[in-house]
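Engineer: Here it is, the structure, as structure tokens.
The values are calculated or read from the model by the stated rules, or taken from the named source; none is laboratory data. The shown structure was predicted, so the numbers you read here are calculated from the model rather than taken from an experiment. Here the Cβ positions follow ideal geometry from the backbone for every residue, glycine too, while neighbour counts run over all protein chains shown. Only protein heavy atoms, including side chains, enter the accessible area calculation; ligands, DNA and RNA are left aside. Shrake-Rupley method; radii C 1.70, N 1.55, O 1.52, S 1.80 Å.
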Amino acid sequence: MRQELVARQLDEQIAGRFPVGQRLRILDVGTGSGVQALRLARAGHSVTGLESDAELLRTAREALATEPEGIRERVKLIEGEGRETGVHFLPGSFDVVLCHGVLMYVEEPDPMLAGLARMLAPGGLLSLLVRNADALAMRPGLTGDFGAALEAFDTATYTDRRGLTVRADRLEALRATLAGIAAPLHAWYGVRVFTDNLADGTGLPAEELERVLTLEDRAGRTDPYRSVAALLHLCGVRG
């Protein structure tokens, strides 16, 4: 659900910013198992995936190995931290930089975001997916854990699905940060407005899945619903 929604939103932003058919240079920071990296490579783009988790990187490489040669040659996977982009790449090396589901594990995100912005060529697109700190009470509140919901109003941390305590971000704080690193916010979406409480791997019939995706896609771009989404997808543009 999350990957499909973000893919639709990202494709919309790419189509609105770059000429049709242009093969983009894309950096995927925290590429994980490579879902977005492989999808973008299949679309014809050159993708570099940066991942610090050795097990996830192994999974991404195994997935890449099953792809046709033409796609494999467009993907480069590197083990490394998102805070170390300057070690691996020159400034302005990419047209698009993705950083999805990473900032919640970074204690001080601003320096990392500044480094990501430096990787962008002028006019390049920075795509961030973060946990929404302004909606942390929603999940416990809707599942009847009212004590946890009350506590969530006074914190910017939460427990993720692996049991780790991690941080969330507020839209206005990130808007200010993006403006300060010369990649001002261009567009933003909510992700998982109505489905945050679905367990990972929940199966739905094809017709129902498409209905839910349509619902989530519309809610994620409509006020006030997008403001209470579990995740925020922010797109900044390098000046």
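Engineer: Quick check for you: with a 1.4 Å probe and neighbouring chains kept, what is the accessible area per residue of the chain, in Å²?
Structural biologist: Value returned for the chain: 49 Å² of accessible area per residue.
Engineer: Still on this structure: By how many nm would the segment from residue 145 to residue 179 lengthen if fully extended, with 0.36 nm per residue of separation less the alpha-carbon distance?
Structural biologist: Gain on stretching residue 145 to residue 179: 8.5 nm.
Engineer: If you don't mind, another one. Farthest toward the dipole's positive end in segment 1-131, which of 90, 123, 32, given Cβ charges of +1 (Lys, Arg) and -1 (Asp, Glu) about the Cα centre?
Structural biologist: 123
Engineer: Size of the dipole of the chain about the Cα centre, Lys and Arg at +1 and Asp and Glu at -1 on the beta carbon, nothing else charged, in debye to 20?
Structural biologist: 660
Engineer: For 85, 66, give me the order by solvent-accessible area with a 1.4 Å probe, most accessible first, ignoring ligands, DNA and RNA.
Structural biologist: Accessible-area ranking of 85, 66, largest first: 66, 85.
Engineer: What net charge is computed for the residues neighbouring residue 151, neighbours being all others with C-beta under 13 Å from the C-beta of residue 151, Lys and Arg scored +1, Asp and Glu -1?
Structural biologist: -1
Engineer: For the chain, what does -39500 (n - 2.57) per DSSP helix run (n ≥ 4), summed and divided by total residues, give at 222 nm, in deg cm²/dmol to the nearest 500?
Structural biologist: Mean residue ellipticity, 222 nm, calculated: -10500 deg cm²/dmol.
Engineer: By how many degrees, between 0 and 90 and to the nearest 10, does the Cα long axis of helix 109-118 differ from the longest principal axis of the chain?
Structural biologist: The angle comes out at about 30 degrees.
Engineer: Here's another thing I want to ask about it. Which one, 206, 235, 220, is farthest towards the positive end of the dipole of segment 198-239 when Lys and Arg carry +1 and Asp and Glu -1 on their Cβ?
Structural biologist: 235
Engineer: Report in % the part of the accessible area of segment 1-119 that belongs to carbon and sulfur, leaving out ligands and nucleic acids; probe 1.4 Å.
Structural biologist: 49
Engineer: Which order do 225, 158, 189 take by accessible area at a 1.4 Å probe, largest first?
Structural biologist: Putting 225, 158, 189 in descending order of accessible area: 225, 158, 189.
Engineer: Relative to a virtual label point 7 Å from the Cα of residue 209 in the Cα→beta-carbon direction, which members of segment 1-19 show backbone nitrogen distances below 20 Å?
Structural biologist: Within reach of a label on residue 209, which here means backbone N under 20 Å from a point 7 Å along Cα→Cβ, segment 1-19 contributes 1-11.
Engineer: Now for a different question. So if I place +1 on the C-beta of Lys and Arg and -1 on the C-beta of Asp and Glu, and nothing else carries charge, what would the dipole magnitude of segment 179-239 be about its Cα centre? I want it in debye, nearest 20.
Structural biologist: 360
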